[in-house]
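Following: one structure in structure tokens, then a few remarks.
The values are calculated or read from the model by the stated rules, or taken from the named source; none is laboratory data. What you see is a predicted model, and the numbers here were worked out from it, not measured in a lab. Here the Cβ positions follow ideal geometry from the backbone for every residue, glycine too, while neighbour counts run over all protein chains shown.
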Amino acid sequence: VNFLSHLIEKYCDNNTQAEDPVLHQLFRETHLKVLRSRMLSGHNQGVLLTLLSKLAKPKTILELGTYTGYSAICLAKGLQENGKLYTIDINEELEPFAERFFKLAKLDDKIEQHIGKALDIIPTLKGTFDLVFMDADKKNYLNYLDIIEDRMPSGALLLVDNVLWSGKVVEEINPKDIDTPVLVELNKRITDSPKWENVLIPIRDGIMMAIRN
Ligand SMILES: C[S@@+](CC[C@H](N)C(=O)[O-])C[C@H]1O[C@@H](n2cnc3c(N)ncnc32)[C@H](O)[C@@H]1O
């Protein structure tokens, strides 16, 4: 099964448009210089984010979890002229790294970095969000949903990463695990809510895609 899924993954990559050279460099440098580089979105998922953003044509994007900026660049490619992407990360050490790549991608005028806890920063941002990408600390996902869902207008797109959590969402939950129950509850809450039309896409670690009713 592993061998087959590995071949299929490779085939999918080979039949997905080539990675943007700036993103390729960002991917390489993240792996060389930054801890926990597995967190970065990567080629295949990155292109999906770009295409979804291009379809949604958002004026404003909110991203929770900048890390080294890979997904911010992917999503910002779909912004309207004069659009803005607000991205939040608690780790200030990554800010200059991401900023350098926003400049290389010529998107630094469209991307605004905020450093701090997402729960503190979100209320300081004004206006509504046409696209939200949730990719920060999993334990707060329900809190994030609570504070963003009424700031997303009808038709806005919500994308939540890692909703399969390496398959833990279908396994027996370890009592010490605080993240998995939150993800299970989040998936259920979005699915049961009349506020959302949704589909769980089983790409990589699972992406929940939902459109605000
Ligand atoms: C999975 S990484 C984001 C990856 C990035 N979106 C990408 O695709 O390249 C998660 C990030 O969330 C940040 N983070 C963790 N807790 C946070 C919090 N409470 N508020 C804001 N960011 C947080 C971490 O510092 C980390 O950089």
Restricting attention to segment 1-38, and to residues there that are free of Cβ contacts under 8 Å to residues at least 40 places away in the same chain and crowded, with 16+ Cβ neighbours inside 10 Å, which single residue is farthest from residue 134 (Cα to Cα)? 19
Being crowded, with 21+ Cβ neighbours inside 10 Å, more than 12 Å from the ligand (Cβ to nearest atom) and closer than 13 Å to residue 186 by Cα is the filter here, so list the residues in segment 134-155 that pass it. 145
Hey, can you tell me all the residues within segment 9-40 that are more than 19 Å from residue 73 (Cα to Cα) and hydrophobic (A, V, I, L, M, F, W, C)? 12, 32, 35
Residues of segment 95-112 being loosely packed, with under 15 Cβ neighbours inside 10 Å and either assigned to a loop (DSSP other than H, G, I, E, B) or aromatic (Phe, Trp, Tyr) (or both), which ones? 106, 109
Total residues in segment 113-151, condition in contact (Cβ under 8 Å) with a residue 60 or more places away in the chain, part of a helix (DSSP H, G or I) and either hydroxyl-bearing (Ser, Thr, Tyr) or in contact with a helix residue (DSSP H, G or I) (Cβ under 6 Å, 6 or more places away or on another chain) (or both): 2
Could you check, for segment 32-40, whether at least one of its residues is at pLDDT below 95 and closer than 25 Å to residue 125 by Cβ? yes
So is residue 105 aliphatic (A, V, I, L, M) and under 15 Å from the mean Cα position of the chain (by Cα) or not? no
In segment 61-92, the residues that are near the ligand (Cβ under 9 Å from one of its atoms) and among the charged types (D, E, K, R): 63, 89
Give segment 156-177 a look and list any residue that's surrounded by 12 or more Cβ atoms within 10 Å (Cβ to Cβ), without any contact (Cβ under 8 Å) to a residue 40 or more places away in the chain and part of a loop (DSSP other than H, G, I, E, B), or say none. 173, 177
Among (1) at pLDDT 95 or above; (2) closer than 29 Å to residue 153 by Cα; (3) surrounded by fewer than 19 Cβ atoms within 10 Å (Cβ to Cβ) - the single one residue 61 does not satisfy: (3)
When restricted to 104, 79, 48, 94, the only residue in contact (Cβ under 8 Å) with a residue 12 or more places away in the chain and under 22 Å from residue 202 (Cα atoms) is 48
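Would you check which residues across segment 189-205 are closer than 18 Å to residue 71 by Cβ and at pLDDT 95 or above and list them?
201
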Single residue of segment 96-133 satisfying the filter (touching a strand residue (DSSP E or B) at 6+ places or on another chain (Cβ under 6 Å) and acidic (Asp, Glu)) that is farthest from the ligand (Cβ to nearest atom): 130
Could you tell me whether any residue of segment 81-94 is in contact with a Pro (Cβ under 8 Å, 6 or more places away or on another chain) and surrounded by 16 or more Cβ atoms within 10 Å (Cβ to Cβ)? yes
